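Q: I am attaching a structure below and will ask some questions about it afterwards.
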Amino acid sequence: MDYSPSQIIHAVRLGMIELVLNSNTIWLCASCETCTARCPQDVDIAKVMDAARIIARI
């Protein structure tokens, strides 16, 4: 994993979309919802990872 889930969310918020789409992290995410449950900002990180994978395939 090249970036943590929180780093991916931070990159998305900064508009660093290419970094996110080229990251191995989005492909390693199992969508287990653990990071979503632990997120203090109630961000659904698993859905962000799912969306990033969909966009990366286009």
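The values are calculated or read from the model by the stated rules, or taken from the named source; none is laboratory data. What you see is a predicted model; the values in this text were computed from it and never measured. Ideal geometry is used to build each Cβ from the backbone, glycine not excepted, and the neighbour counts take in all protein chains shown.
Q: Being in contact with a helix residue (DSSP H, G or I) (Cβ under 7 Å, 6 or more places away or on another chain) and either at negative phi or modelled with pLDDT under 95 (or both): is that true of C39 here?
A: Yes, satisfied.
Q: Okay, moving on. Quickly run through the stretch 36-55 and pick out the residues that are more than 10 Å from the chain's Cα centre (by Cα) and surrounded by 14 or more Cβ atoms within 10 Å (Cβ to Cβ).
A: Once the filter is applied, which keeps residues that are more than 10 Å from the chain's Cα centre (by Cα) and surrounded by 14 or more Cβ atoms within 10 Å (Cβ to Cβ), the stretch 36-55 yields T36, C39, V43.
Q: Considering only residues that are assigned to a helix (DSSP H, G or I) and either hydrophobic (A, V, I, L, M, F, W, C) or surrounded by 11 or more Cβ atoms within 10 Å (Cβ to Cβ) (or both), which ones fall in the stretch 1-13?
A: Correct list: P5, S6, Q7, I8, I9, H10, A11, V12.
Q: Working only within the stretch 14-58, note down all residues that are touching an Asp or Glu at 6+ places or on another chain (Cβ under 6 Å), of a type outside the set (S, T, Y) and assigned to a loop (DSSP other than H, G, I, E, B).
A: Across the stretch 14-58, the qualifying residue is only N24.
Q: Taking the stretch 22-32 as the search range and keeping residues that are of a type in the set (A, V, I, L, M, F, W, C) and surrounded by 15 or more Cβ atoms within 10 Å (Cβ to Cβ), which one is nearest to R53 (Cα to Cα)?
A: Within the stretch 22-32, the match that is nearest to R53 (Cα to Cα) is I26.
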